[in-house]
């Protein structure tokens, strides 16, 4: 059996190479991953479903399957595998099997990845922490008292804990980048339309969400992008073509001299934690040392207060739709959903159609303002999060607040919650530590979190870099340069 130390010392790209050259087998790698999961998952609660690994259905590609034999985990939110429940972190869907396999999941299968489980997610991915009632909280391997972030917190915790070198994730408001930051990993959210959706469902959250991975190496994320990129017959848009030689070939290439704008300004959180600023300062120093021009901004590049309002308006409406669809599909009752989810859904149902359309149309204003910044700067550098990873349970509502919410919901006047300070408090607490990531989702721009900083207490904090539409190649080139300058692969949590 493969020694765990050897398994943990290789990223997914290297493990696939070992299988190809005959130094190990897919069976040995899966045994190592399952053994590690048995050891650490009871402590971190990252994997919530076991899966019998599906096999590729199509003929082997001419170049082979790039990740043949590498253990892999799906996120238990929208990443459907036919016949296997996709709960979305909800008790209402926990026993409901998917009718079809999602396009991205099928591409992972055809790439040769050995899927053996699904990872924890907050209910419907609606929070920046991973603490669903149905499965319990996922804990950060760097400190079990703290969150790994969300909504891809289960995947990030599994990778950080060494169960797999790379795991599936998705991002509708920061859900790849937030847990990547909290767990010391690399995470890239791609441009809108670059990755496929479907076939059962189309673009999630009005096109703001996309799938992807969290990984320990830039080259793994780049190679995974080669696996996933490109439309399907159901795709509503034709994405711009990527690099001629593929995204993996971008890793190691000179990014050239870039002009980088720096900002940690946010009206959602006007006073970010000193460690968030320290993370950005460190990244700016690395960029300057590499020859890039770094320019500090004196204000946020967009109206982030309006952007937060627009984001939440569309999020609440989509939450209402998700709850209604789950009830229709399974016959679930109101009590099968978490109180916070019911509050968000009530707010969504109380939103006027004109307000929803206005929030959607406002995206164009945010796109124009960000495009104006990118006309003069190649990239925008911000903290990924405004604070270190919060403690487990930090955003639980006090009992009196829960009782007040329940009373309004029971009385069928949940829309009145919009006019109470209780919801404002819930919103400020949940977005206050993650005010920087939604901009890339609403504008459809690519953004990555790079693990360059750890607090004195040993908690990771990434920095975010946002690029122009279609600039994934540039981002990967720069990420690889930063990875060489300040390596993170061998930094392991004390788990």
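A short reminder: the numbers here are calculations on the coordinates, not readings from a lab. This is a predicted model, so every value here is computed, not measured. Methodologically, a virtual Cβ is constructed for each residue, glycine included, from the backbone with ideal geometry; neighbour enumeration extends over all protein chains shown.
By its C-alpha gyration tensor, with a ≥ b ≥ c as the square roots of the eigenvalues, how is the range 114-262 shaped: rounded for a/c under 1.5, else prolate for a/b larger than b/c, else oblate?
oblate
Run through the DSSP bridge list for the chain and note the antiparallel percent, rounded to the nearest 5.
Antiparallel: roughly 70 percent of the beta bridges in the chain.
Could you list 200, 123, 62 in order of exposure, starting from the residue whose Cβ has the fewest other Cβ atoms within 10 Å?
The order, fewest Cβ neighbours first, is 62, 200, 123.
Taking Cα centroids, how far is the range 318-347 from the range 431-448 in Å?
25
If you take the square roots of the eigenvalues of the alpha-carbon gyration tensor of the chain and sort them as a ≥ b ≥ c, do you get rounded (a/c under 1.5), prolate (a/b over b/c) or oblate?
rounded
Highest mean first, how do 334-342, 349-357, 81-89 rank when packing is the count of other Cβ atoms within 10 Å averaged over residues?
81-89, 334-342, 349-357
Take every Cα pair under 8 Å in the chain that's 6+ residues apart, average their separations, divide by the length, and report that relative contact order as a whole percent.
Here the relative contact order equals 17 percent.
Please work out how much length the chain gains when fully extended from residue 402 to residue 491, using 0.36 nm per residue of separation minus the C-alpha to C-alpha distance, in nm with one decimal.
Additional length available on full extension: 28.0 nm.
I want to check the label-to-label distance for residue 254 and residue 100. Put each point 7 Å from Cα in the C-beta direction and report it in nm to one decimal.
In this crude spin-label approximation the distance works out to 4.7 nm.
Restricting to Cα pairs below 8 Å that are 6+ residues apart, what does the relative contact order work out to for the range 196-329? Please round to a whole percent.
Normalised by residue count, the contact order of the range 196-329 is 22 percent.
Going by a ≥ b ≥ c, the root eigenvalues of the Cα gyration tensor, does the range 112-197 fall in the rounded group (a/c under 1.5), the prolate group (a/b larger than b/c) or the oblate group?
Judged from the Cα gyration tensor, the range 112-197 comes out rounded (a/c under 1.5).
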